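Report on the following structure.
The values are calculated or read from the model by the stated rules, or taken from the named source; none is laboratory data. Values in this document were obtained by computation on a predicted structure and should not be read as measured data. Here the Cβ positions follow ideal geometry from the backbone for every residue, glycine too, while neighbour counts run over all protein chains shown.
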Amino acid sequence: MGSSSKGAPRRISADVIAASAAFLIALAIAEGYAPTVVTTKNDPVPTGGFGSTKNEAGQPLKVGEAMSPVRALIVLREHVGRDESAFRASLPGVSLTQGEYDVYLDFFYQYGIGAWSRSSMRTALLSGEYRAACDALLKYRYSNGADCSAPGNRTCAGVWTRQQARHRKCLAEQGEGDA
């Protein structure tokens, strides 16, 4: 769905939207595939497949656990499905375009319900301030105390790149900028 630069964005209740196939593919690409569950210096939470931290049953993954590409996709879809329930519940009465839904669900997947619940994005959406919600995406540029937007950053530049991409997509849903 989404919007065009001609006319207002077509929004529907967040209660009835679901993650699009395009979202799942983009998420898998953004996360990258890891065939084995690992931890990193910057993220001590065991993560595998396409950025999943929990298995099909919702239990934490274990370091060293194998993740075939097919299982990784199944785990990703289950993880996103669980996230979607909490995500939808956090936006009572809010209407979104499919593109907005996918952008904010992508943030939710990466940062979790705690960060999402406290975010100015959610607050702006609850107030119907769609542009302000888009702009609030750019506030999330830190990882482990490092400013990922700093020129020459080599530890977390991908965090900032991903936020900028989300922001561009969000603005495109408002009829501004390019996706």
Legend entry - Hits in the range 72-124 - residues which are within 23 Å of P60 (Cα to Cα), in the same structural domain as L138 (by TED's automatic domain parsing) and of a type in the set (V, I, T): I113
Inset, instruction - Check the range 83-99 and report whether any residue there is surrounded by fewer than 16 Cβ atoms within 10 Å (Cβ to Cβ), in a loop (DSSP other than H, G, I, E, B) and not basic (K, R). - result: yes
Inset, instruction - Working only within the range 105-164, note down all residues that are assigned to a strand (DSSP E or B) and crowded, with 16+ Cβ neighbours inside 10 Å. - result: S143, A146
Inset, instruction - From A172, A179, grab the single residue that is modelled with pLDDT of 90 or more, under 19 Å from L96 (Cα atoms) and not aromatic (F, W, Y). - result: A172
Inset, instruction - Might you let me know whether the range 46-64 holds any residue that is over 18 Å from the mean Cα position of the chain (by Cα), small (G, A, S) and crowded, with 19+ Cβ neighbours inside 10 Å? - result: no
Legend entry - Filtered residues of the range 109-128 (kept if free of Cβ contacts under 8 Å to residues at least 40 places away in the same chain and within 12 Å of Q163 (Cα to Cα)): Y111
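Residues are listed down the side, and each one gets a yes or a no for (1) of a type in the set (S, T, Y); (2) modelled with pLDDT of 95 or more; (3) in a loop (DSSP other than H, G, I, E, B):
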{"position": "M1", "(1), (2), (3)": "no, no, yes"}
{"position": "S5", "(1), (2), (3)": "yes, no, yes"}
{"position": "L24", "(1), (2), (3)": "no, no, no"}
{"position": "L27", "(1), (2), (3)": "no, no, no"}
{"position": "T36", "(1), (2), (3)": "yes, yes, no"}
{"position": "A57", "(1), (2), (3)": "no, no, yes"}
{"position": "V63", "(1), (2), (3)": "no, yes, yes"}
{"position": "R77", "(1), (2), (3)": "no, no, no"}
Inset, instruction - From the list A19, A34, pick out the single residue that is within 27 Å of L125 (Cα to Cα), surrounded by 13 or more Cβ atoms within 10 Å (Cβ to Cβ) and either in contact with a Ser or Thr (Cβ under 9 Å, 6 or more places away or on another chain) or touching a residue at least 12 places away in the same chain (Cβ under 8 Å) (or both). - result: A19
Inset, instruction - Confirm whether T53 is at negative phi, outside the structural domain of G175 (by TED's automatic domain parsing) and touching a helix residue (DSSP H, G or I) at 6+ places or on another chain (Cβ under 9 Å). - result: yes
Inset, instruction - Please go through the range 129-149 and pick out each residue that is farther than 17 Å from D102 by Cβ, touching a residue at least 60 places away in the same chain (Cβ under 8 Å) and under 17 Å from the mean Cα position of the chain (by Cα). - result: S143
Legend entry - Output for the range 65-82, where each listed residue is under 30 Å from G128 (Cβ atoms) and crowded, with 18+ Cβ neighbours inside 10 Å: H79, V80
